[in-house]
Structures are given as C-alpha cells and as structure tokens.
Amino acid sequence: MSLRSLLDVPAPAKLNLFLHVVGRRSDGYHLLESVFVLIDWADTLHFERREDGVLRRHDLGEPLPPDDLCLRAARALKAASGCNAGADISVLKQVPSGAGMGGGSSDAATVLLALNRLWGLHWPRQRLLHLAATLGADVPFFVFGRNALVQGIGEQLSAVDVPPHLYAVVKPAASLPTADIFSSPLLKRDSASAILEGSLVSEALAWLAGPAKAAVSGGAAAPPAFGRNDLQPPAQARCDEVAQAARLLESAFGNSRMTGSGSAVFARVDTGVPPEATWPEALPSGWVGRLCRGLPQHPLRGWVDREIG
C-alpha cells in the first residue's frame with residue numbers, strides 16, 4: 001500500500017567550519033573548499049500525496065517566494081521520474097533566510113528525499129544527487145546526508161567524521177545578497193587548497209576537539225586558527241552587523257566566524273562549560289540566535305534505498 005503522507009519531516013541547517021575560494025571557472029562560477037557540518041536548527045515540512053498531479057506549497061510560518069526551491073525541486077523530480085502523483089507541501093520555516101545556513105537548499109533536499117519515498121520512486125542516492133546539482137550549489141550536500149568536505153561548486157563531496165559539538169549561532173537582522181558578496185573586489189579568489197595544504201581539514205577537526213578559549217592561567221590553550229571564510233571581509237564591508245555579531249560571539253566564546261555567504265555568525269562552545277554562563281543576555285532587536293548541536297548525519301539519510309556505489 002502506498003504512503004499517503006509524511007509529517008514532521010526535518011530540513012536541518014549547516015555551518016561552514018571554513019570556506020576558501022580557490023579559483024574561478026571560465027563560466028564565472030567560483031570554486032570553493034569548505035567543511036559543511038549539519039546542525040539541529042531545522043525547518044519542518046509535511047507532505048500529503050495528491051492523485052491529481054498538482055503540486056502546491058503551503059506556508060505555515062514565514063511566507064516564502066511564490067516559486068521557491070521547494071516547488072522547483074518537486075517539479076524537477078516529477079518531470080525526471082514521469083510520476084503522475086502530486087503533493088501538498090507544507091513548510092514551517094525556522095532557519096532564518098539570508099543566513100548562509102543553507103535553509104532553502106535543505107528544504108529542497110528534504111522535498112527530494114520525501115517525495116522519492118512518498119511517490120514510491122526508490123531512486124538511489126546518486127540519481128537524486130544528479131538532480132540536486134541542477135537546483136543549487138548546497139542542495140547536493142543535504143541529499144548526501146553526511147558532514148563533508150565540499151569542493152568545486154558544491155558537487156564534489158567527501159564524507160568527514162566531525163566530532164559532535166555545541167555551537168552558538170547568531171543571525172543579525174540584515175541579510176546579504178550572495179551575488180553582491182561574490183562580485184565584491186574585496187573577495188579573495190586564490191586561497192590555497194585545503195587538499196594541497198594537506199592539513200586544513202584536520203586542523204578544523206582539531207579545533208573542535210580542543211578548548212575554544214585560550215587558558216587564562218596554565219592548562220591547554222586554544223588550537224591555532226584554521227583557515228577562514230573568504231566571504232567574511234566583503235560581507236563585513238557591506239554589512240556592519242556581521243562584524244558586530246562576530247565581536248559579540250568572540251567576546252562571549254573566544255572565537256567566531258561567518259558561515260556561508262549569509263550574515264549568520266557562529267562560535268564553538270567549550271565542552272563542559274555551561275552555555276548560559278557566557279551566552280549574551282539579550283541580542284539586538286531583530287536578531288535571532290540559539291545554541292545548536294552538530295549532527296553526525298542527516299536525519300533522513302536512511303530514507304534512500306541504495307547508497308553511492
């Protein structure tokens with residue numbers, strides 16, 4: 001018997017432990033290297049099967065654009081599979097937009113994974129990944145379903161085991177247009193490759209394992225800084241709120257970094273240190289923030305019948 005509905009389906013956000021722009025293709029797309037980490041700040045989607053072939057989206061919270069990535073993902077899967085069914089897709093947005101946390105891309109990936117199940121398509125992950133790559137640079141990562149070293153324009157994924165950790169994440173009121181950041185003359189486009197350096201990924205993971213703050217008197221010191229987010233200087237030049245958020249988290253937790261190409265900034269929280277002891281008492285008006293736990297894998301990873309060969 002076919003499924004009729006899938007309820008309370010998560011679409012988790014991600015953080016970039018580092019993000020280097022290592023080059024640019026002849027078509028203008030930038031070549032990136034980053035470690036993406038899944039976190040438990042997530043949107044929630046609900047799916048109801050329709051037999052009339054219609055695809056409809058219903059906004060349960062923040063209104064989305066009329067033709068967003070969710071609908072584009074559903075149409076792409078329907079067209080590629082030849083499926084005659086449709087779906088009502090209800091979306092409760094909780095991940096802030098314009099944050100650089102991949103909220104819209106994660107929603108699209110959850111649509112692909114859920115409709116693959118709801119419609120009984122049983123596509124393998126590799127086939128879903130090919131379709132995901134046509135929708136956006138971050139969508140393949142969420143379909144891949146593992147914390148990963150991400151290269152190229154987002155299509156080259158290598159699984160990385162990231163230690164579970166707690167992160168403080170703050171999204172200022174302002175959002176950043178991705179196109180403006182990538183077109184900025186302040187953007188560094190020739191960073192060294194993490195693969196050629198050979199140690200950047202391991203340094204990022206060592207940072208997670210060590211203390212976030214340098215010891216005040218004796219004890220272990222924080223590991224040296226690893227990599228950077230090349231998009232942060234042009235972002236801070238365009239939007240002072242990014243710099244403000246970075247200073248706030250640096251003061252509270254001893255470290256901070258912008259994630260992705262949006263305005264959100266995160267800090268790693270020391271294991272064993274009560275977060276409420278250092279979390280800012282109040283954020284500026286219009287800002288949102290929360291403590292997030294890293295996830296070992298996507299909650300829907302087991303929904304795909306066959307893995308990458």
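The values are calculated or read from the model by the stated rules, or taken from the named source; none is laboratory data. In this text, all values refer to a predicted model and were calculated from it rather than measured experimentally. All Cβ positions, even for glycine, are placed from backbone atoms using ideal geometry, and neighbour counts span all protein chains on display.
Quick rundown of the values:
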item	result
Options Leu112, Leu121: the member that is surrounded by 21 or more Cβ atoms within 10 Å (Cβ to Cβ), touching a helix residue (DSSP H, G or I) at 6+ places or on another chain (Cβ under 9 Å) and not aromatic (Phe, Trp, Tyr)	Leu112
Scan of the range 214-246 for residues that are modelled with pLDDT of 85 or more and among the β-branched types (Val, Ile, Thr), ordered by number	Val242
Conditions (1) under 29 Å from His130 (Cβ atoms); (2) in a strand (DSSP E or B); (3) within 15 Å of the chain's Cα centre (by Cα); (4) not aliphatic (A, V, I, L, M): number failed by Phe142	(2)
Pairs with Cβ under 9 Å, 6+ apart, first in the range 51-65 and surrounded by fewer than 12 Cβ atoms within 10 Å (Cβ to Cβ), second at pLDDT below 95	none
Positions within the range 162-180 being surrounded by 15 or more Cβ atoms within 10 Å (Cβ to Cβ) and at pLDDT below 75, in sequence order	Thr178
Considering residues of the range 252-292 that are modelled with pLDDT of 75 or more and exposed (fewer than 14 other Cβ atoms within 10 Å of the Cβ) only, the residue farthest from Gly154 (Cα to Cα)	Ala282
Subset tally (residues that are in contact with a strand residue (DSSP E or B) (Cβ under 8 Å, 6 or more places away or on another chain) and farther than 14 Å from Ala114 by Cα) for the range 58-75	6
Residue, surrounded by the most Cβ atoms within 10 Å (Cβ to Cβ), within the range 1-21, restricted to residues that are more than 20 Å from the chain's Cα centre (by Cα) and among the hydrophobic types (A, V, I, L, M, F, W, C)	Leu6
Filtered residues of the range 256-268 (kept if within 16 Å of Pro233 (Cα to Cα) and not aliphatic (A, V, I, L, M))	Ser256, Arg257, Thr259, Gly260, Ser261, Gly262, Ser263, Phe266
Filter pass, Asp107 being without any contact (Cβ under 8 Å) to a residue 40 or more places away in the chain and either over 25 Å from Val37 (Cα atoms) or outside any loop (DSSP other than H, G, I, E, B) (or both)	no
Residue list for the range 2-58, filter: at positive phi and outside any strand (DSSP E or B)	Gly28, Gly53
